[in-house]
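The values are calculated or read from the model by the stated rules, or taken from the named source; none is laboratory data. This one's a predicted model, so the numbers in the text were calculated from it and none came from an experiment. Because the Cβ atoms are built from the backbone with ideal geometry, glycine has one as well, and the counts that use them run over all protein chains shown. Calculation scope for accessible area: heavy atoms of the full protein, side chains included, ligands and nucleic acids excluded. Shrake-Rupley method; radii C 1.70, N 1.55, O 1.52, S 1.80 Å.
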Amino acid sequence: MNNELVEFLEQLRHRYPAETEFHQAVTEVAKSVWPFIEKNPQYRKAKILERATEPERTIMFRVTWLNRHGEVQINRGYRVQMNSAIGPYKGGLRFHPSVTLGTLKFLAFEQVFKNALTTLPMGGGKGGSDFDPKGKTDEEVMAFCQAFMNELYRHIGPNTDVPAGDIGVGGREIGYLFGQYKKIRNEFTGVLTGKRLNWSGSRIREEATGYGLIYFTEEMLHTRNLSLTDKTVVISGSGNVAQFAAEKAFLRGAKVVTMSDSDGAIYDPAGFNGEKLAYIKELKNVRRGRIKEYAQQHRCQYLEKQHPWGIKCDVALPCATQNEISEQDAKTLVQNGCICVAEGANMPSTPEAVEVFLGRKILYGPGKAANAGGVSVSGLEMSQNSLRLQWTTEEVDKRLAEIMKAIHNQCVRFGEADGFTNYVNGANVAGFRKVAEAMLDQGVV
Ligand code: NDP
């Protein structure tokens, strides 16, 4: 590594000693874009990378609410408004006990470049809380969401910052958050995306990240004259992204054999069909049960406390959480014949795992490109809200597929060298370039 780059990263670690996931995300981007910055001294002079790693604004607040027993509960809420050079801050809210400021800074930083790739005018942000929706009643979730919005409403707005869902935040939570924002502000605006269809949501938003992931995977496979038909696919997670990735992969003729949650993975060698996927959706979204129940119901293998990466596959789609594929998992995947890894989750592969994928020259699509379908349709939801119109399913799906293709093209354009596309470099350089140009245009702000 270049000395200046080493020094930049050391300073970052010194400034934010506890934020290891943030260091990890910045290190990956900085390594990719450094040669590009050296060729373009105007970025160096304007300290674009230094400015891009300091959030424009960080909001942290106390959230107090009463549980079903009338006991006082205290959580911490956050919103990291990372960069607004190309549009209003945009990015999800995560409700999970593991949430820290460092987690949200890594996600917000990634979001800036992801949003730049989508071709839509959106800046980057991320927020959330250490609140755990698991095991809570609907009333408790509502009480928490209302208390959270009682502070967040001051900092967001349809032209300022437009949050959406992420882990632990789905249609139910977006509904409670939107209802409270509307009550406080007395206005019905597109302040959140992921809204339900009958109150100005977009068609395909729920499906967008998973479907977009599959469109991106297909683009990658096409570069090697391959398709998803008859490929064995391994998926982690069983939430929003995993469910719709599995659905679209199945519709494209692939055999999806695994899903997981934080307790373990299921392995169904026959593959999921429409009926089995409907069971999983009902189990996870309505009954809010554990994936283990699928194994009991369908008499298949349950891998307790395990990830699915030991199962032989052609394509792996990590769709649960960050750092869920270790170096050893990556080696196992490649040894078992996996030719393509596309990330539905954000940063699911450790840096060592990424090295394995790139070293073996398999198709490796990083999250900021491969899972950008969700925020893309969120951007389309914002457009529809501004127009006070709702587009058809076909219209939104067509635009989603076009955007994923455009993202893939940018990755190839900026990431191809010696006949191999390094999608990490491609996505980082293409996203960085767009944001950097806008920051230069707008002066030192
Ligand atoms: P959900 O909350 O709907 O589902 C998350 C899934 O991952 C659940 O199956 C959950 O299991 C599992 N999971 C969460 N944390 C862990 C953990 N620490 N270890 C093992 N499993 C875990 O979230 P989404 O599907 O929305 O998000 C999944 C990933 O996709 C995240 O990385 C998110 O940032 C990313 N993403 C999401 C987008 C979206 O539109 N929703 C857009 C782009 C990226 P359990 O139920 O046991 O917690």
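The table below lists the values:
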read-out	value
Neighbour net charge for PHE113 - beta-carbon separation under 11 angstrom, K R +1, D E -1	+2
Alpha-carbon spread of segment 208-370, three principal axes, descending order, Å	41, 29, 25
Unit charges on C-beta of K, R, D, E only; dipole of the chain, Debye	680
Dipole magnitude of segment 208-370, debye to nearest 20 (Cβ charges: Lys/Arg +1, Asp/Glu -1, about Cα centre)	260
Pair-distance profile P(r), taking every C-alpha pair of segment 1-122, with 10 angstrom steps and integer %	11, 38, 31, 13, 5, 2, 0
DSSP beta bridges in segment 208-370 [antiparallel fraction, %, rounded to 5]	40
With every protein chain in place, segment 57-187: carbon and sulfur % of accessible area (1.4 Å)	46
Which listed pairs, of LYS255/LYS361; LYS136/LYS284; LYS47/LYS434; LYS281/LYS312; LYS231/LYS276, have C-alpha distances above 21 Å, in listed order	LYS255/LYS361; LYS281/LYS312
Cα gyration tensor shape of segment 242-326, rounded if a/c is under 1.5, else prolate or oblate by comparing a/b with b/c	rounded
Distance histogram in 5 Å bins (all Cα pairs of segment 100-232, percent per bin)	2, 9, 15, 19, 19, 15, 9, 6, 4, 2, 0
Computed FRET value (nearest 0.05) for SER262 with ASN336, which takes r as the C-beta separation and R₀ as 22 Å	0.40
Rel. contact order, % - alpha carbon contacts under 8 angstrom, at least six apart, segment 104-200	24
Protein accessible area in segment 208-370, 1.4 Å probe - carbon and sulfur %	47
D (Stokes-Einstein, µm²/s), Kirkwood Cα radius, segment 280-335, 1.567 mPa s at 4 °C	99
Accessible heavy-atom area order of ASP132, ASP441, ASP418, ASP161, highest first, probe of 1.4 Å	ASP418, ASP441, ASP132, ASP161
Positive-end residue, segment 208-370 charge dipole about Cα centroid, Cβ charges, pick of VAL334, ALA370, GLY253	GLY253
Under 13 Å, Cβ to Cβ, from LEU226 - net charge with Lys/Arg +1 and Asp/Glu -1	-1
C-alpha center-to-center spacing [segment 76-141, segment 310-358] in angstrom	24
Rounded to the nearest 10 Å², the accessible area of GLU219 at probe 1.4 Å	40
GNM top mover of HIS408, HIS222, HIS14 - the chain, alpha-carbon springs below 10 Å	HIS14
Integer Hz, Karplus 6.51/-1.76/1.60 couplings in order for segment 67-73, x for Gly and Pro	7, 5, 9, x, 8, 6, 10
Surface accessible to a 1.4 Å probe, per residue, for the residues of segment 286-441, Å²	43
Separation of alpha-carbon centers, segment 192-207 and segment 363-420, rounded to whole Å	17
log10 of Debye I(q)/I(0), alpha-carbon scatterers only, for segment 346-401 at 0.28, 0.31 Å⁻¹	-1.09, -1.21
Viscosity 1.306 mPa s, 10 °C: Kirkwood-radius Stokes-Einstein D of the chain over Cα pairs, µm²/s	72
Most mobile listed residue (GLN243, GLN11, GLN390) in the chain, GNM with C-alpha springs under 10 Å	GLN11
Distribution of pairwise C-alpha distances over segment 88-132, 5 Å bins, in %	6, 26, 28, 18, 12, 7, 2
For ILE184, net neighbour charge (Lys/Arg +1, Asp/Glu -1) across residues whose Cβ lies under 13 Å away	+2
